[in-house]
Every structure is written in C-alpha cells, then in structure tokens.
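To start, the structure itself, in structure tokens.
The values are calculated or read from the model by the stated rules, or taken from the named source; none is laboratory data. None of the values given here were measured: they were computed from a predicted structure. Note that we place each Cβ from the backbone using ideal geometry, even for glycine, and neighbour counts take in every protein chain shown. In case anyone asks, the SASA skips ligands and DNA or RNA and just uses the protein heavy atoms, side chains included. Shrake-Rupley method; radii C 1.70, N 1.55, O 1.52, S 1.80 Å.
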Amino acid sequence: MRVLVAGGAGYIGSHTIVELYKSGHRVVCVDNLYNSKHKVIKNVEEIVKAKIPFYKIDCCDKKKLESVFKKEKIDAVIMFQGYKAVGESVKIPIKYYRNNIDSALTIIELMDKYDVHNIMFSSSATVYGKSAKSPIKETYDALELNEITNPYGETKAMIEKILMDKTIADSKFKAVILRYFNPVGAHESGLIGEDPNGIPNNLMPYIAKVATGKLPYLNVFGNDYKTKDGTGVRDYIHVVDLARGHVAALKCYNKKQNLYVYNLGTGKGTSVLDLVNAYEKANDKKINYKIVGRRAGDIDKLYCNPTKANNELKWKAKLDIVNMCKTSYKFETKGGLGCQEKKQKKK
Ligand code: UFG
C-alpha cells in the first residue's frame, strides 16, 4: 500500500514509517515540524535506505494538503499529526481543539474528494477515562461516562466519534482506531527516538536524561497508590512493537467491517520503580530519584487487555523492558536529534 503518514516526523510516526517500509509498503510523509525536526526524516531514510517523499505542510492547511492528494497516489492515511501533551492541553485547550480536530477533519474531507477510503487513527488509552479498571478491554465505553480528564484526551475521543459517525454514513470508508498505552524505547539504530523539547513530561524520557546526567534526579510522583510498591503502574510498550501494530492493522482494509478498534499494549503492568530498576540494570547506570507528591490527574493503574489485537491482527508486543531501556539510553547517548544537528553544524 502507499500510505500518507500525517505527522510522520514525530516519535511514533517515524518508527511506523520504518516498519511500513520494512514490510514492503511505501510512504508519503507530511509534517509541519512543529514538534519535530527534518533531521528525523533524514535518519529514517538512513535506516530504510530509501528516499521518503516529504512535505513540510500543516494538515490544517487544506490548500497545501490538497496539493499532496493531487500529486501522490494514496491508498490509506495514518493520522499522527495531533498535539499530544496532557499538561499543555490544559493550559492551551483551544490550540489543541483547533489543531487536532481541524487537521483530522481536513484530512477526512480531502480523502473524500480524492477517493481515499482507508484511515488509521493514533488514539490513546486516555479515552478510557479515570475509573476504568485494568486490564481494560476495547468494549469499556468511557465516552458515555464523560470521564476524560483533559483537552488532549477529549480531542482523541472526539476524533474517534467523528470516525465512527463517518463509517456509519459511508459504507466505503474504513477506519481503524488504535488506542496506545505508554510507548517507550527507540529504534535499535539509535537514530530515531523520543526527543521532547525542554524538560520531559513522561517517565521514560525523563529517566533517560537522569541516566545521562542532563537532569539530577527523577521525581517519582507518589508512592501511596494502591499498587505493589505504591508507585503508578502503566503498560509500557516498545515503540517498534507499536509501529508494527500499525502495519498489522492495515489488513483490516481487506475485511468486511468498516470500523475496527484495538488496544495496543503488552497487557503487563510495570510500576515507576520497576522501570527505574530495569533501566539501572539494562544500562548499568544509577538513576537517582526522590519521592514527591502525586501529579494531578494521575491514576494508580492503567494497563490493557491486548487479546483482540493479538487474535484479530495476529500481532503481539514482543520486545521486552530490557530492550525498551537499552534503546532509550542508546538514543539519548547518541545525543538526541537536536544535539546531532548542533554537532553537524559545528563541522
Ligand atoms: N511519572 C513520575 N515521574 C515523572 C513522570 C512520570 O513518577 O517525571 C509517573 C507518573 O506519575 C505515572 C507514570 O510515571 O505513574 C507514567 O507517566 P507518564 O507521564 O510517562 O505517562 P502517563 O501514563 O501519565 O500518560 C501517557 C501519555 C498520555 C496518554 C496516557 C494514556 O503521556 O499521552 O499515557 O495512557 F494519554
């Protein structure tokens, strides 16, 4: 298939492009580079040893995006183009609603105009809301309960609803919704990985900065949760496994139904301290930490039941926590994408 990857220069998008290529698919990448760098595309090209057609375009810009639909033959679209930081979305909600919803609608309208019927959406476990009991199945419907706690999550739920309504109205339109749990790790080459601007919000990139001495210690947000060691439990999935989940999900477009929803996770719960210990062991590095108060909006446990994706997509998360920690560290010690650029400029 020839897949338009919207937001393909980001963390999950770039790994997905690599796996699509490896499986014989072809890609057209669109990204406005708001939260990513052109260097990512160069590094993806180095990994796949091929040129990636790349357009620096904002997916809300219908005219410019239409030029891509006009020029390129596209069989399916994968949408990664949304803003993704939970905390930031609370501070600038309108920007989140405008960007995430507008870009999705623009893409869907252009798909209609250019007869592209297959879409995949990077959704999130955040749509399950705050009181879902883990392991969570796809059938748990938090949208009914209105339990989503932040604008970022609301945009994920709204886009899911838009896609569901569209599949009801248009029998040719096929939508696959993938609900990610906690993606971590990096490509084994160390060329692409998670490269957040400023101080990371998420656990694994924060640990990586402590491991490399860029930050002094990790703040562990609470040790009084109802979990085995009191720290928060999540379902960490290797980003390469997650990317392979997208490739596996392309097969849905050959099936009869026109809406598919899958959890992509390992089904295993890992606590903050488990991850700290695993990182120390995998990389032989001490991770200093301090226990501090809970972070607002956090819940004790969130992990999935991945059986539906395992059975129907013949996909399973295979890479273990050691690999997640090793590749995270490898990417971080390679300097992250920003530092690589700086080093190159100095030459
Ligand atoms: N944590 C710390 N210290 C930190 C960062 C995180 O102790 O510096 C803890 C959190 O309290 C939580 C766990 O590590 O218990 C994981 O936190 P992350 O911020 O890495 O991830 P979240 O589970 O909070 O959120 C992630 C994504 C969201 C997505 C959500 C859905 O960032 O985009 O998973 O499951 F919506």
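Annotations for the structure displayed:
- Think of a 1.4 Å ball rolled over the protein heavy atoms: the stretch 47-98 then has 59 Å² of accessible area per residue.
- Backbone phi angles across the stretch 204-214, fed through the Karplus curve with coefficients 6.51, -1.76 and 1.60 (θ = phi - 60°), yield HN-Hα couplings of 4, x, 5, 4, 4, 6, 6, 4, 9, x, 7 Hz in residue order; Gly and Pro are listed as x.
- Paramagnetic label reach from residue 75 (point 7 Å along Cα→Cβ; backbone nitrogen cut-off under 20 Å): within the stretch 307-333, residues 313-315.
- Using heavy atoms of the protein chains and a probe of 1.4 Å, the accessible area assigned to residue 333 is about 70 Å².
- Under the combined filter of DSSP loop state and at most 12 neighbouring Cβ atoms within 10 Å, the stretch 248-315 retains these trypsin sites (Lys or Arg not before Pro): 255, 256, 286, 314.
- Distant-in-sequence amide H partners of residue 304 (H built 1.01 Å from N, under 5 Å): 136, 266, 267, 268
- Virtual spin-label span in nm between residue 63 and residue 94, 7 Å along Cα→Cβ: 2.4 nm
- Full extension of the chain between residue 320 and residue 34 gives 99.8 nm of extra length, using 0.36 nm per residue less the Cα-Cα distance.
- Of 159, 107, 168, the one that fluctuates the most in a GNM where the chain has Cα springs shorter than 10 Å: 168
- Over 19 Å (Cα to Cα) - which of 286/326; 22/49; 209/301; 256/308; 37/251 fall in this group: 209/301; 37/251
- The residues of the stretch 230-316 expose, per residue, 45 Å² of accessible area to a 1.4 Å probe.
- The chain, accessible surface, carbon-and-sulfur percent (1.4 angstrom probe): 52 percent
- Listed residue pairs exceeding 24 Å between alpha carbons, taken from 64/95; 84/161; 51/84; 62/166: 51/84
- Across the stretch 223-230, coupling constants 3J(HN,Hα) worked out from phi with the 6.51/-1.76/1.60 Karplus curve, θ = phi - 60°, read 10, 10, 7, 7, 9, 4, 10, x Hz, and Gly and Pro carry x.
- Remark: spin-label model distance residue 109-residue 49 equals 4.3 nm, labels positioned 7 Å along the Cα→Cβ axis.
- Computed on the chain, with alpha-carbon pairs under 8 angstrom and 6+ residues apart, the relative contact order is 19 percent.
- Residues with amide H under 5 Å from that of residue 261, placed H, sequence gap 5 or more: 177
- Solvent-free Debye scattering, log10 I(q)/I(0), computed from the Cα coordinates of the stretch 107-259 at q = 0.19 Å⁻¹: -1.34
- From the Kirkwood radius over Cα pairs of the stretch 28-97, Stokes-Einstein at 25 °C and 0.890 mPa s returns a whole-number translational diffusion coefficient of 177 µm²/s.
- For the stretch 41-73, GluC sites (Glu not before Pro) meeting the loop criterion (DSSP other than H, G, I, E, B) and having at most 16 other Cβ atoms within 10 Å: 72.
- Using θ = phi - 60° in the Karplus curve 6.51 cos²θ - 1.76 cosθ + 1.60, the 3J(HN,Hα) couplings for the stretch 79-96 round to 9, 10, 7, x, 5, 9, 9, 4, x, 4, 5, 6, 7, 10, x, 5, 4, 5 Hz; x is entered for Gly and Pro.
- Most fluctuating residue given options 156, 70, 174, as computed from a GNM of the chain linking Cα atoms under 10 Å: 70
- Here, the stretch 70-153 has an Rg and a Dmax of 15.3, 47 Å when only alpha carbons are counted.
- Among 312, 154, 332, residue whose mean-square fluctuation peaks in a GNM of the chain (springs only between Cα atoms under 10 Å): 312
- With eigenvalues of the C-alpha gyration tensor scaled by 5 and rooted, the chain, Å: 30, 25, 19
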